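Enquirer: This is the structure I want to talk about, given as C-alpha coordinates.
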Amino acid sequence: MRIEAIEIRRVSIPFLEPFRTSFGTLTHKEAVILRVVGSDSFGWGECTALEAPTYSSEYVDGVEHVLTHQLLPRTFAARDVTATGLASLLADVKGHPMAKAAIEMAVLDAELRAVGLSLATYLGSTRVAVDAGVSVGIMSDTAELVDAVAAFVECGYRRVKIKIEPGWDVEPVRALRERWPDLPLQVDANAAYERRDARHLARLDEFDLILLEQPLAAGDLLGHAQLARMLRTPICLDESIESARDAADAIRVGAAEIINIKAGRVGGLLEARRVHDVCAAHGVAVWCGGMQETGLGRAANVALASLPGFTLPGDTSASDRYFQCDITPPFRLLDGRLEVPTGPGLGIEPCDDALGGRTISSRVVRP
Ligand code: OSB
Ligand code: MG
(Lines give C-alpha, C1' and ligand atoms only; values in the text may rest on other atoms or scores of the structure.)
(Ligands and ions follow the chains in the order given, each with its own letter.)
Protein backbone atom coordinates (compact mmCIF):
# COMPACT_ATOMS: atom_id res chain seq x y z
CA MET A 1 0.00 0.00 0.00
CA ARG A 2 1.20 3.48 -0.83
CA ILE A 3 0.54 5.78 2.11
CA GLU A 4 -0.76 9.23 1.21
CA ALA A 5 -1.24 10.77 4.63
CA ILE A 6 -1.20 9.95 8.32
CA GLU A 7 -3.21 11.87 10.85
CA ILE A 8 -1.72 12.06 14.35
CA ARG A 9 -4.33 12.86 16.93
CA ARG A 10 -4.00 13.29 20.66
CA VAL A 11 -7.10 12.43 22.66
CA SER A 12 -7.91 12.69 26.34
CA ILE A 13 -10.83 10.88 27.97
CA PRO A 14 -11.55 11.14 31.70
CA PHE A 15 -11.87 7.87 33.62
CA LEU A 16 -15.05 7.31 35.58
CA GLU A 17 -12.86 6.63 38.63
CA PRO A 18 -9.17 7.35 39.25
CA PHE A 19 -7.03 4.21 38.82
CA ARG A 20 -4.27 3.86 41.42
CA THR A 21 -1.25 1.69 40.70
CA SER A 22 2.16 1.27 42.27
CA PHE A 23 3.51 3.72 39.64
CA GLY A 24 0.95 6.47 40.16
CA THR A 25 -2.70 7.37 39.85
CA LEU A 26 -4.27 7.60 36.39
CA THR A 27 -7.24 9.95 36.11
CA HIS A 28 -7.77 9.95 32.35
CA LYS A 29 -6.78 8.11 29.23
CA GLU A 30 -4.38 10.12 27.15
CA ALA A 31 -3.76 8.43 23.80
CA VAL A 32 -2.21 8.99 20.41
CA ILE A 33 -4.57 7.85 17.67
CA LEU A 34 -3.39 7.41 14.09
CA ARG A 35 -5.42 7.38 10.90
CA VAL A 36 -3.50 6.07 7.92
CA VAL A 37 -4.80 7.00 4.49
CA GLY A 38 -3.60 4.72 1.71
CA SER A 39 -4.24 4.72 -2.00
CA ASP A 40 -7.37 2.59 -1.71
CA SER A 41 -8.08 2.26 1.99
CA PHE A 42 -7.71 3.82 5.43
CA GLY A 43 -7.00 2.40 8.88
CA TRP A 44 -6.97 3.34 12.56
CA GLY A 45 -4.22 2.77 15.09
CA GLU A 46 -3.99 3.47 18.81
CA CYS A 47 -0.79 3.82 20.76
CA THR A 48 -0.88 2.26 24.23
CA ALA A 49 1.81 4.47 25.79
CA LEU A 50 0.68 6.25 28.95
CA GLU A 51 0.93 9.99 29.54
CA ALA A 52 4.06 9.53 31.67
CA PRO A 53 6.91 7.00 31.30
CA THR A 54 5.90 5.14 34.45
CA TYR A 55 4.81 1.72 33.17
CA SER A 56 7.50 1.57 30.48
CA SER A 57 9.86 4.15 28.99
CA GLU A 58 7.41 5.36 26.35
CA TYR A 59 4.96 8.23 26.93
CA VAL A 60 2.62 10.19 24.70
CA ASP A 61 4.79 13.28 24.09
CA GLY A 62 7.72 11.03 23.27
CA VAL A 63 5.54 8.92 21.01
CA GLU A 64 4.36 11.97 19.08
CA HIS A 65 7.96 13.10 18.68
CA VAL A 66 9.36 9.78 17.53
CA LEU A 67 6.44 9.25 15.16
CA THR A 68 6.80 12.71 13.63
CA HIS A 69 10.57 12.81 13.32
CA GLN A 70 11.60 9.17 12.92
CA LEU A 71 8.93 6.58 12.27
CA LEU A 72 6.53 8.33 9.89
CA PRO A 73 9.28 9.70 7.61
CA ARG A 74 10.65 6.15 7.26
CA THR A 75 7.16 4.85 6.58
CA PHE A 76 6.54 7.46 3.88
CA ALA A 77 9.92 6.78 2.30
CA ALA A 78 8.93 3.20 1.50
CA ARG A 79 7.21 2.77 -1.82
CA ASP A 80 5.09 -0.12 -0.70
CA VAL A 81 4.14 -0.36 2.97
CA THR A 82 2.77 -3.61 4.36
CA ALA A 83 2.00 -4.52 7.95
CA THR A 84 4.31 -7.53 7.71
CA GLY A 85 7.14 -5.40 6.28
CA LEU A 86 6.91 -2.59 8.83
CA ALA A 87 9.10 -4.14 11.52
CA SER A 88 12.11 -4.35 9.22
CA LEU A 89 11.33 -0.94 7.72
CA LEU A 90 11.49 0.59 11.20
CA ALA A 91 14.21 -1.63 12.67
CA ASP A 92 16.93 1.04 12.56
CA VAL A 93 14.95 2.95 15.19
CA LYS A 94 15.73 1.20 18.45
CA GLY A 95 13.00 0.64 20.98
CA HIS A 96 9.68 2.55 20.83
CA PRO A 97 7.60 -0.63 20.48
CA MET A 98 4.32 1.12 21.32
CA ALA A 99 4.84 3.83 18.72
CA LYS A 100 5.72 1.20 16.11
CA ALA A 101 2.75 -0.94 17.12
CA ALA A 102 0.37 1.99 16.53
CA ILE A 103 1.56 2.33 12.93
CA GLU A 104 1.34 -1.41 12.37
CA MET A 105 -2.19 -1.49 13.77
CA ALA A 106 -3.32 1.29 11.42
CA VAL A 107 -1.65 -0.25 8.35
CA LEU A 108 -3.05 -3.69 9.16
CA ASP A 109 -6.53 -2.22 9.68
CA ALA A 110 -6.26 -0.53 6.27
CA GLU A 111 -5.05 -3.71 4.55
CA LEU A 112 -7.78 -5.83 6.06
CA ARG A 113 -10.52 -3.28 5.32
CA ALA A 114 -9.38 -3.28 1.69
CA VAL A 115 -9.90 -7.04 1.43
CA GLY A 116 -12.92 -7.28 3.74
CA LEU A 117 -11.26 -9.53 6.32
CA SER A 118 -11.68 -9.09 10.06
CA LEU A 119 -8.58 -8.70 12.23
CA ALA A 120 -9.70 -11.66 14.36
CA THR A 121 -10.00 -13.96 11.35
CA TYR A 122 -6.68 -12.74 9.99
CA LEU A 123 -4.93 -13.44 13.29
CA GLY A 124 -6.41 -16.93 13.59
CA SER A 125 -9.36 -16.44 15.92
CA THR A 126 -11.19 -19.51 17.20
CA ARG A 127 -13.86 -17.75 19.30
CA VAL A 128 -16.73 -15.35 18.74
CA ALA A 129 -16.51 -13.85 22.25
CA VAL A 130 -13.80 -13.58 24.90
CA ASP A 131 -14.01 -13.95 28.67
CA ALA A 132 -13.66 -10.57 30.34
CA GLY A 133 -11.66 -9.88 33.46
CA VAL A 134 -11.34 -6.56 35.26
CA SER A 135 -8.28 -4.84 36.70
CA VAL A 136 -9.00 -3.00 39.96
CA GLY A 137 -6.75 -0.25 41.29
CA ILE A 138 -5.28 0.23 44.75
CA MET A 139 -7.86 1.60 47.21
CA SER A 140 -7.57 3.48 50.48
CA ASP A 141 -8.93 0.54 52.53
CA THR A 142 -10.19 -3.02 52.15
CA ALA A 143 -13.85 -2.02 52.66
CA GLU A 144 -13.62 0.26 49.64
CA LEU A 145 -11.96 -2.51 47.64
CA VAL A 146 -14.59 -5.08 48.57
CA ASP A 147 -17.34 -2.67 47.47
CA ALA A 148 -15.60 -1.99 44.16
CA VAL A 149 -15.06 -5.70 43.48
CA ALA A 150 -18.66 -6.49 44.47
CA ALA A 151 -19.89 -4.15 41.74
CA PHE A 152 -17.74 -5.88 39.11
CA VAL A 153 -18.75 -9.37 40.28
CA GLU A 154 -22.35 -8.20 40.04
CA CYS A 155 -21.76 -7.09 36.42
CA GLY A 156 -20.56 -10.60 35.59
CA TYR A 157 -16.80 -10.20 35.17
CA ARG A 158 -15.24 -13.65 34.97
CA ARG A 159 -12.11 -12.84 36.93
CA VAL A 160 -10.78 -10.03 39.05
CA LYS A 161 -7.23 -8.71 39.19
CA ILE A 162 -6.15 -6.27 41.85
CA LYS A 163 -3.13 -4.04 41.79
CA ILE A 164 -0.78 -4.63 44.70
CA GLU A 165 2.27 -2.89 46.17
CA PRO A 166 4.23 -3.22 49.41
CA GLY A 167 1.73 -2.43 52.17
CA TRP A 168 -1.28 -3.36 50.01
CA ASP A 169 -1.09 -7.06 49.24
CA VAL A 170 -1.89 -9.83 51.75
CA GLU A 171 -4.67 -7.98 53.58
CA PRO A 172 -6.71 -6.89 50.55
CA VAL A 173 -6.35 -10.37 49.01
CA ARG A 174 -7.46 -11.95 52.29
CA ALA A 175 -10.49 -9.66 52.43
CA LEU A 176 -11.52 -10.65 48.90
CA ARG A 177 -11.03 -14.37 49.59
CA GLU A 178 -13.09 -14.20 52.76
CA ARG A 179 -15.97 -12.67 50.83
CA TRP A 180 -15.54 -14.74 47.61
CA PRO A 181 -13.83 -18.08 48.31
CA ASP A 182 -14.12 -19.21 44.66
CA LEU A 183 -13.65 -15.98 42.73
CA PRO A 184 -11.00 -16.31 39.99
CA LEU A 185 -8.52 -13.81 41.40
CA GLN A 186 -5.04 -12.59 40.46
CA VAL A 187 -2.70 -9.76 41.46
CA ASP A 188 -0.45 -7.35 39.55
CA ALA A 189 2.54 -5.62 41.19
CA ASN A 190 3.91 -3.64 38.22
CA ALA A 191 7.45 -4.36 39.38
CA ALA A 192 6.94 -2.85 42.85
CA TYR A 193 8.82 -5.57 44.79
CA GLU A 194 12.45 -6.55 45.31
CA ARG A 195 14.04 -9.98 45.40
CA ARG A 196 14.29 -9.68 49.19
CA ASP A 197 10.46 -9.62 49.36
CA ALA A 198 10.23 -13.27 48.27
CA ARG A 199 9.20 -14.59 51.69
CA HIS A 200 6.59 -11.93 52.03
CA LEU A 201 5.17 -12.65 48.56
CA ALA A 202 5.00 -16.36 49.47
CA ARG A 203 2.28 -15.39 51.95
CA LEU A 204 0.01 -14.95 48.93
CA ASP A 205 0.23 -18.72 48.33
CA GLU A 206 -2.58 -19.50 50.75
CA PHE A 207 -5.15 -17.63 48.63
CA ASP A 208 -5.23 -19.78 45.49
CA LEU A 209 -4.48 -16.92 43.13
CA ILE A 210 -4.44 -17.62 39.39
CA LEU A 211 -1.14 -15.75 39.15
CA LEU A 212 1.16 -13.07 40.49
CA GLU A 213 1.94 -10.59 37.69
CA GLN A 214 5.31 -8.87 37.35
CA PRO A 215 6.44 -8.69 40.99
CA LEU A 216 10.03 -7.62 40.15
CA ALA A 217 11.76 -5.21 37.77
CA ALA A 218 11.28 -5.76 34.05
CA GLY A 219 14.91 -6.76 33.51
CA ASP A 220 15.06 -9.15 36.44
CA LEU A 221 14.47 -12.48 34.71
CA LEU A 222 16.74 -14.33 37.14
CA GLY A 223 14.88 -12.89 40.13
CA HIS A 224 11.56 -14.00 38.68
CA ALA A 225 12.95 -17.49 38.05
CA GLN A 226 14.12 -17.73 41.68
CA LEU A 227 10.78 -16.43 42.93
CA ALA A 228 8.88 -18.91 40.76
CA ARG A 229 10.74 -21.73 42.49
CA MET A 230 9.85 -20.36 45.94
CA LEU A 231 6.15 -19.68 45.34
CA ARG A 232 3.23 -21.98 44.63
CA THR A 233 1.40 -19.06 42.97
CA PRO A 234 2.32 -19.01 39.25
CA ILE A 235 4.49 -16.09 38.16
CA CYS A 236 3.18 -14.17 35.15
CA LEU A 237 5.30 -11.64 33.28
CA ASP A 238 4.03 -8.41 31.74
CA GLU A 239 6.70 -5.63 31.55
CA SER A 240 9.56 -8.15 31.11
CA ILE A 241 8.27 -9.53 27.80
CA GLU A 242 9.00 -7.27 24.82
CA SER A 243 9.28 -9.93 22.10
CA ALA A 244 8.65 -13.56 21.23
CA ARG A 245 12.30 -14.24 22.02
CA ASP A 246 11.89 -12.71 25.48
CA ALA A 247 8.94 -15.06 25.98
CA ALA A 248 10.94 -18.08 24.85
CA ASP A 249 13.85 -17.12 27.13
CA ALA A 250 11.60 -16.45 30.14
CA ILE A 251 9.93 -19.82 29.71
CA ARG A 252 13.29 -21.54 29.24
CA VAL A 253 14.77 -20.15 32.47
CA GLY A 254 11.60 -20.73 34.48
CA ALA A 255 10.82 -17.02 34.97
CA ALA A 256 7.32 -17.15 33.45
CA GLU A 257 4.67 -19.76 34.06
CA ILE A 258 2.03 -17.57 32.39
CA ILE A 259 2.44 -14.57 30.08
CA ASN A 260 0.42 -11.38 29.72
CA ILE A 261 0.41 -10.30 26.07
CA LYS A 262 0.01 -6.64 25.12
CA ALA A 263 0.50 -5.89 21.44
CA GLY A 264 1.88 -2.41 22.13
CA ARG A 265 4.52 -3.65 24.56
CA VAL A 266 5.89 -6.18 22.04
CA GLY A 267 5.86 -3.81 19.05
CA GLY A 268 2.63 -4.86 17.41
CA LEU A 269 -0.08 -7.41 16.79
CA LEU A 270 2.12 -9.57 14.58
CA GLU A 271 4.79 -9.97 17.28
CA ALA A 272 1.98 -10.49 19.81
CA ARG A 273 0.80 -13.44 17.74
CA ARG A 274 4.35 -14.80 17.73
CA VAL A 275 4.46 -14.52 21.53
CA HIS A 276 1.18 -16.44 21.58
CA ASP A 277 2.63 -19.11 19.28
CA VAL A 278 5.80 -19.56 21.34
CA CYS A 279 3.75 -19.90 24.53
CA ALA A 280 1.30 -22.32 22.91
CA ALA A 281 4.20 -24.47 21.71
CA HIS A 282 5.44 -24.66 25.31
CA GLY A 283 2.03 -25.20 26.88
CA VAL A 284 2.27 -21.83 28.62
CA ALA A 285 -1.09 -20.08 29.12
CA VAL A 286 -1.44 -16.49 27.92
CA TRP A 287 -4.01 -13.78 28.46
CA CYS A 288 -4.57 -10.40 26.89
CA GLY A 289 -3.41 -7.46 28.96
CA GLY A 290 -4.86 -4.00 28.66
CA MET A 291 -3.69 -0.40 28.76
CA GLN A 292 -7.16 1.07 29.35
CA GLU A 293 -7.53 1.50 25.60
CA THR A 294 -10.26 3.35 23.78
CA GLY A 295 -12.60 1.24 21.65
CA LEU A 296 -10.01 1.14 18.86
CA GLY A 297 -7.29 -0.53 20.91
CA ARG A 298 -9.94 -2.60 22.65
CA ALA A 299 -11.15 -3.99 19.31
CA ALA A 300 -7.60 -5.10 18.54
CA ASN A 301 -7.20 -6.62 22.02
CA VAL A 302 -10.44 -8.54 21.76
CA ALA A 303 -9.47 -9.89 18.33
CA LEU A 304 -6.09 -11.00 19.71
CA ALA A 305 -7.70 -12.52 22.81
CA SER A 306 -9.84 -14.73 20.58
CA LEU A 307 -6.81 -16.82 19.51
CA PRO A 308 -6.80 -20.36 20.93
CA GLY A 309 -3.86 -19.95 23.34
CA PHE A 310 -5.60 -17.18 25.30
CA THR A 311 -6.97 -19.60 27.87
CA LEU A 312 -7.29 -17.13 30.76
CA PRO A 313 -9.67 -14.12 30.89
CA GLY A 314 -8.00 -10.88 29.82
CA ASP A 315 -7.99 -7.28 31.05
CA THR A 316 -10.47 -6.83 28.23
CA SER A 317 -13.20 -5.07 30.17
CA ALA A 318 -16.28 -3.36 28.78
CA SER A 319 -15.99 0.31 27.78
CA ASP A 320 -18.18 1.39 30.70
CA ARG A 321 -15.59 0.07 33.16
CA TYR A 322 -13.42 3.00 32.06
CA PHE A 323 -15.37 5.78 30.40
CA GLN A 324 -18.66 7.59 30.49
CA CYS A 325 -18.33 7.95 26.74
CA ASP A 326 -15.74 6.23 24.57
CA ILE A 327 -14.68 7.50 21.13
CA THR A 328 -16.21 4.40 19.48
CA PRO A 329 -19.49 2.60 20.06
CA PRO A 330 -19.00 0.85 23.41
CA PHE A 331 -17.94 -2.75 24.00
CA ARG A 332 -20.56 -4.27 26.26
CA LEU A 333 -20.32 -7.08 28.76
CA LEU A 334 -22.62 -9.95 27.71
CA ASP A 335 -22.67 -12.79 30.21
CA GLY A 336 -19.14 -11.87 31.30
CA ARG A 337 -17.80 -11.77 27.76
CA LEU A 338 -17.02 -9.26 25.02
CA GLU A 339 -18.04 -10.10 21.47
CA VAL A 340 -15.26 -10.23 18.91
CA PRO A 341 -15.87 -7.70 16.13
CA THR A 342 -16.56 -9.38 12.78
CA GLY A 343 -16.43 -6.42 10.37
CA PRO A 344 -13.44 -5.73 8.11
CA GLY A 345 -10.22 -4.76 9.91
CA LEU A 346 -10.84 -3.65 13.49
CA GLY A 347 -14.56 -3.85 12.76
CA ILE A 348 -15.16 -0.59 14.57
CA GLU A 349 -14.61 3.11 13.91
CA PRO A 350 -14.64 6.23 16.04
CA CYS A 351 -17.85 8.27 16.22
CA ASP A 352 -17.06 11.69 14.72
CA ASP A 353 -18.64 13.71 17.54
CA ALA A 354 -17.11 11.72 20.37
CA LEU A 355 -13.69 11.74 18.72
CA GLY A 356 -13.85 15.44 17.98
CA GLY A 357 -14.94 16.23 21.51
CA ARG A 358 -12.00 14.34 23.02
CA THR A 359 -9.34 15.61 20.65
CA ILE A 360 -6.60 17.79 22.16
CA SER A 361 -4.64 18.23 18.95
CA SER A 362 -4.46 16.75 15.49
CA ARG A 363 -2.30 17.21 12.48
CA VAL A 364 -1.91 15.51 9.14
CA VAL A 365 1.54 14.44 8.00
CA ARG A 366 2.18 13.81 4.31
CA PRO A 367 5.16 12.40 2.43
O1 OSB B 1 0.08 -3.57 34.23
O2 OSB B 1 -1.60 -4.37 33.29
C3 OSB B 1 -0.98 -3.39 33.68
C4 OSB B 1 -3.07 -0.22 33.17
C5 OSB B 1 -2.10 0.66 32.77
C6 OSB B 1 -0.79 0.22 32.70
C7 OSB B 1 -0.46 -1.08 33.03
C8 OSB B 1 -1.43 -1.99 33.41
C9 OSB B 1 -2.77 -1.53 33.51
C10 OSB B 1 -3.87 -2.36 33.97
C11 OSB B 1 -5.26 -2.03 33.47
O12 OSB B 1 -3.75 -3.27 34.75
C13 OSB B 1 -5.72 -2.98 32.44
C14 OSB B 1 -6.95 -2.51 31.70
O15 OSB B 1 -8.04 -2.54 32.27
O16 OSB B 1 -6.83 -2.09 30.54
MG1 MG C 1 0.48 -5.64 34.36
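Enquirer: Any idea which of (1) crowded, with 23+ Cβ neighbours inside 10 Å; (2) of a type in the set (Phe, Trp, Tyr); (3) part of a loop (DSSP other than H, G, I, E, B) is the one residue 287 doesn't satisfy?
Expert: (3)
Enquirer: Just to be sure before I move on: is residue 263 under 17 Å from residue 29 (Cβ atoms), away from ligand 2 (no atom under 15 Å from the Cβ), touching a residue at least 40 places away in the same chain (Cβ under 8 Å) and surrounded by 24 or more Cβ atoms within 10 Å (Cβ to Cβ) in the structure I sent? First the steps, then the outcome.
Expert: Numbers: under 17 Å from residue 29 (Cβ atoms): yes; away from ligand 2 (no atom under 15 Å from the Cβ): no; touching a residue at least 40 places away in the same chain (Cβ under 8 Å): yes; surrounded by 24 or more Cβ atoms within 10 Å (Cβ to Cβ): yes.
So residue 263 does not fit the description; no.
Enquirer: Report yes if residue 54 is within 15 Å of ligand 1 (Cβ to nearest atom), surrounded by fewer than 17 Cβ atoms within 10 Å (Cβ to Cβ), touching a residue at least 24 places away in the same chain (Cβ under 8 Å) and closer than 25 Å to residue 187 by Cα, otherwise no.
Expert: Criteria met by residue 54.
Enquirer: Okay, next question. In the stretch 152-161, is there at least one residue being among the aromatic types (Phe, Trp, Tyr), crowded, with 23+ Cβ neighbours inside 10 Å and under 29 Å from residue 319 (Cβ atoms)?
Expert: Quick first cut of the stretch 152-161, residues among the aromatic types (Phe, Trp, Tyr) only: 152, 157.
So of that shortlist, the ones also crowded, with 23+ Cβ neighbours inside 10 Å come out as 157.
Filter again for under 29 Å from residue 319 (Cβ atoms), leaving 157.
Yes, some residue in the stretch 152-161 is among the aromatic types (Phe, Trp, Tyr), crowded, with 23+ Cβ neighbours inside 10 Å and under 29 Å from residue 319 (Cβ atoms).
Enquirer: Next question, about the same structure. Based on this model, can you work out whether residue 136 counts as at pLDDT 95 or above, of a type in the set (A, V, I, L, M, F, W, C), within 16 Å of ligand 2 (Cβ to nearest atom) and under 20 Å from residue 262 (Cβ atoms)? Show your work before the answer.
Expert: Working: at pLDDT 95 or above: yes; of a type in the set (A, V, I, L, M, F, W, C): yes; within 16 Å of ligand 2 (Cβ to nearest atom): yes; under 20 Å from residue 262 (Cβ atoms): yes.
In short, yes.
Enquirer: Which residues, taken from the stretch 312-355, are more than 15 Å from ligand 1 (Cβ to nearest atom), crowded, with 17+ Cβ neighbours inside 10 Å and of a type in the set (D, E, K, R)?
Expert: Result: 337, 349.
Enquirer: Quick one: which strands (runs of 3 or more DSSP E) lie wholly within the stretch 140-247 and hold at least 2 residues that are within 16 Å of ligand 2 (Cβ to nearest atom) and more than 30 Å from residue 269 (Cα to Cα)?
Expert: Filter on the stretch 140-247 gives an empty set.
Enquirer: Also: Six or more apart or on different chains, Cβ under 8 Å: which pairs go from a residue in the stretch 245-260 that's of a type in the set (Gly, Ala, Ser) to one that's part of a strand (DSSP E or B) and buried (at least 21 other Cβ atoms within 10 Å of the Cβ)? Could you list them?
Expert: 247/259; 250/237; 250/259; 255/235; 255/237; 256/235; 256/236; 256/237
Enquirer: Out of (1) farther than 25 Å from residue 112 by Cβ; (2) surrounded by fewer than 24 Cβ atoms within 10 Å (Cβ to Cβ); (3) within 16 Å of ligand 2 (Cβ to nearest atom), what's the single condition that is false for residue 292?
Expert: Condition not satisfied by residue 292: (1).
Enquirer: Working only within the stretch 93-111, note down all residues that are part of a loop (DSSP other than H, G, I, E, B) and either in contact (Cβ under 8 Å) with a residue 60 or more places away in the chain or of a type outside the set (Val, Ile, Thr) (or both). Spell out how you get there, then give the answer.
Expert: Taking the stretch 93-111 as the starting set, the residues that turn out to be part of a loop (DSSP other than H, G, I, E, B) are 93-96.
Matches in the stretch 93-111: 94, 95, 96.
Enquirer: Something else now. Exactly one of these conditions fails for residue 271: (1) closer than 30 Å to residue 34 by Cβ; (2) charged (D, E, K, R); (3) within 14 Å of ligand 1 (Cβ to nearest atom). Give me its number.
Expert: Against the list (1) closer than 30 Å to residue 34 by Cβ; (2) charged (D, E, K, R); (3) within 14 Å of ligand 1 (Cβ to nearest atom), residue 271 comes up short only on (3).
Enquirer: Counting only residues that are assigned to a loop (DSSP other than H, G, I, E, B) and crowded, with 20+ Cβ neighbours inside 10 Å, how many does the stretch 118-137 have?
Expert: 1
Enquirer: Another question, then. For the condition touching a residue at least 40 places away in the same chain (Cβ under 8 Å) and either among the basic types (Lys, Arg) or buried (at least 22 other Cβ atoms within 10 Å of the Cβ) (or both), what is the one hit in 49, 87, 114?
Expert: Unique residue meeting the criteria: 49.
Enquirer: Among the residues of the stretch 178-197, count how many are of a type outside the set (Phe, Trp, Tyr) and closer than 13 Å to residue 227 by Cβ.
Expert: Matching residues across the stretch 178-197 total 6.
Enquirer: Take the stretch 341-356 and flag every residue that is on the phi < 0 side of the Ramachandran plot and in contact (Cβ under 8 Å) with a residue 40 or more places away in the chain.
Expert: Passing the criteria: 341, 342, 343, 344, 346, 348, 349, 350, 355.
Enquirer: What tally of residues in the stretch 127-162 results from selecting those that are under 20 Å from the mean Cα position of the chain (by Cα) and either charged (D, E, K, R) or more than 27 Å from residue 176 (Cα to Cα) (or both)?
Expert: The total comes to 7.
The values are calculated or read from the model by the stated rules, or taken from the named source; none is laboratory data. The model shown is predicted, which means the values in this text are computed figures rather than measured ones. All Cβ positions, glycine included, derive from the backbone under ideal geometry; neighbour counts span all protein chains shown.
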